[in-house]
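Enquirer: Next up is a structure, given as structure tokens.
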Amino acid sequence: MQYEDLIIEIHDKVALIRLNRPKALNALNERMMNELGDALYKFDADANIGCIILTGSEKAFAAGADIAAMADYTYPDTYKDNYITRNWEHILRVRKPVIGAVAGYALGGGCELAMMCDFIIASDNAKFGQPEIKVGVTPGAGGTQRLPRTIGKAKAMDLLLTARTIDAAEAERIGLVSRVVPADKLMDEALSAAATIAAMPTSVAMLIKDAVNRAFETTLTEGVAYERRLFHAAFGTPAQKEGMHAFLEKRLPKFEGL
Ligand code: CAA
């Protein structure tokens with residue numbers, strides 16, 4: 001599939017997907033999100049890829065769902081066809097790690113899409129917010145659900161109800177992003193983190209991602225039991241034999257293809 005709204009780069013075992021609608025600050029529309037789903041599934045199934053980065057431009061990761069496309073939608077349009085965000089959740093079905101590398105605006109659906117990545121590395125010029133209330137709607141891609149789970153109710157209500165935009169430093173302080181780096185270092189940092197992950201055994205990275213995501217869907221007791229099943233499953237992987245024996249033999253492990 002040829003992409004109109006994405007730019008793809010491959011860096012060894014890392015796939016970099018760049019949202020590319022610069023004139024609209026990467027506003028997320030139906031075509032772009034279909035393309036994103038296609039690219040994500042393709043790399044998830046590619047044995048040569050161990051980690052995926054999702055990024056935007058220096059000015060905008062994404063300024064939200066495309067307001068021009070949806071301004072005249074009616075309730076029946078949106079409800080009947082489950083419109084606007086129905087094709088946004090492909091990213092949640094990706095089993096390999098996905099890093100969000102965010103520079104500039106990550107607003108509304110852009111913030112929600114970033115939160116669907118496994119973790120976010122932000123440029124010091126990044127700005128996060130859920131300003132949907134200012135255009136007369138609620139968030140529609142998990143903002144009211146993922147934000148309180150990530151940053152707590154008080155901060156989430158503040159951002160959602162006031163439409164306040166926060167900078168990268170505040171986003172890091174409240175746990176929305178894992179790292180903040182100078183703008184000109186964002187891609188180096190994201191690629192380096194992704195290469196580190198891609199050099200780990202992919203099968204185990206997938207088990208860890210599965211276990212962490214389970215933490216948001218279940219009780220602590222169930223989650224810990226699930227983790228133990230996956231821990232036991234890890235003993236069925238060649239990565240466990242290689243990792244532990246390499247340690248005992250005082251050599252570096254060879255995880256290629258594992
Ligand atoms: N949808 C469509 N077009 C958008 C857009 C969006 N979400 N955000 C920006 N654009 C377009 C602008 O219309 C403008 O296009 P033109 O040059 O053709 O006029 C272009 O991108 C540049 O934008 P600005 O001139 O506004 O740039 P700025 O630097 O002055 O402001 C901004 C940047 C603060 C991000 C501002 O563009 C803005 O507030 N954007 C809207 C943010 C927003 O409300 N997002 C939530 C959308 S609703 C949603 O996402 C629902 C959901 O949960 C799924």
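Enquirer: List pairs: first in region 134-156 and closer than 21 Å to Arg86 by Cβ and touching a residue at least 60 places away in the same chain (Cβ under 8 Å), second assigned to a helix (DSSP H, G or I) and of a type in the set (Asp, Glu), Cβ under 7 Å, 6+ apart or cross-chain?
Expert: What qualifies is Ala141/Glu112.
Enquirer: In region 179-211, what residues are crowded, with 17+ Cβ neighbours inside 10 Å, assigned to a helix (DSSP H, G or I) and in contact with a strand residue (DSSP E or B) (Cβ under 8 Å, 6 or more places away or on another chain)?
Expert: Leu186, Met187, Glu189, Ala190, Leu191, Ala193, Ala194, Ile197, Ala198, Ala205
Enquirer: Another question, then. Is there a residue being hydroxyl-bearing (Ser, Thr, Tyr), within 16 Å of the ligand (Cβ to nearest atom) and either touching a Gly at 6+ places or on another chain (Cβ under 6 Å) or outside any strand (DSSP E or B) (or both) anywhere in region 52-65?
Expert: yes
Residue by residue, here is whether (1) farther than 28 Å from Leu92 by Cβ; (2) in a helix (DSSP H, G or I) holds:
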residue	(1), (2)
Arg228	no, yes
Gly236	no, no
Gln240	no, yes
Met244	yes, yes
Phe247	yes, yes
Leu252	yes, no
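Enquirer: Right, here's the next one. With under 16 Å from Ala190 (Cβ atoms), under 14 Å from the mean Cα position of the chain (by Cα) and among the β-branched types (Val, Ile, Thr) as the only criterion, which of Ile53, Ile7 stands out?
Expert: Working: Ile7 fails: under 14 Å from the mean Cα position of the chain (by Cα).
Exactly one residue qualifies, and that residue is Ile53.
Enquirer: Could you please find all residues in region 216-226 being assigned to a helix (DSSP H, G or I), touching a helix residue (DSSP H, G or I) at 6+ places or on another chain (Cβ under 9 Å) and exposed (fewer than 13 other Cβ atoms within 10 Å of the Cβ)? Walk me through it before giving the result.
Expert: Just the residues of region 216-226 that are assigned to a helix (DSSP H, G or I), to begin with: 220-226.
The next check asks that each one be touching a helix residue (DSSP H, G or I) at 6+ places or on another chain (Cβ under 9 Å); those that pass are 222-223, 226.
Correct list: Glu222 only.
Enquirer: Additional query: From the list Leu16, Leu107, which residue is within 18 Å of the chain's Cα centre (by Cα) and farther than 28 Å from Met206 by Cα? Steps first, please.
Expert: Numbers: Leu16 fails: farther than 28 Å from Met206 by Cα.
Going through Leu16, Leu107 in turn, the sole match is Leu107.
Enquirer: Also: For Leu92, state whether it is more than 20 Å from Arg179 (Cα to Cα) and either surrounded by 14 or more Cβ atoms within 10 Å (Cβ to Cβ) or touching a residue at least 24 places away in the same chain (Cβ under 8 Å) (or both).
Expert: Details: more than 20 Å from Arg179 (Cα to Cα): yes; either surrounded by 14 or more Cβ atoms within 10 Å (Cβ to Cβ) or touching a residue at least 24 places away in the same chain (Cβ under 8 Å) (or both): yes.
So Leu92 fits the description; yes.
Enquirer: A further question on this structure: Going through region 69-93 one residue at a time, which ones are of a type in the set (Val, Ile, Thr) and under 10 Å from the mean Cα position of the chain (by Cα)?
Expert: Going through region 69-93, the residues of a type in the set (Val, Ile, Thr) turn out to be 74, 78, 84-85, 91.
Passing the criteria: only Ile91.
Enquirer: For Gly175, only one of the following conditions fails: (1) more than 15 Å from the ligand (Cβ to nearest atom); (2) assigned to a helix (DSSP H, G or I); (3) within 16 Å of the chain's Cα centre (by Cα). What is its number?
Expert: (2)
Since every read-out is calculated from the coordinates, none of them should be taken as a lab result. Since we're looking at a predicted model, the values are computed, not measured. Counting neighbours? That spans all protein chains shown, and the Cβs are built from the backbone with ideal geometry, glycine included.
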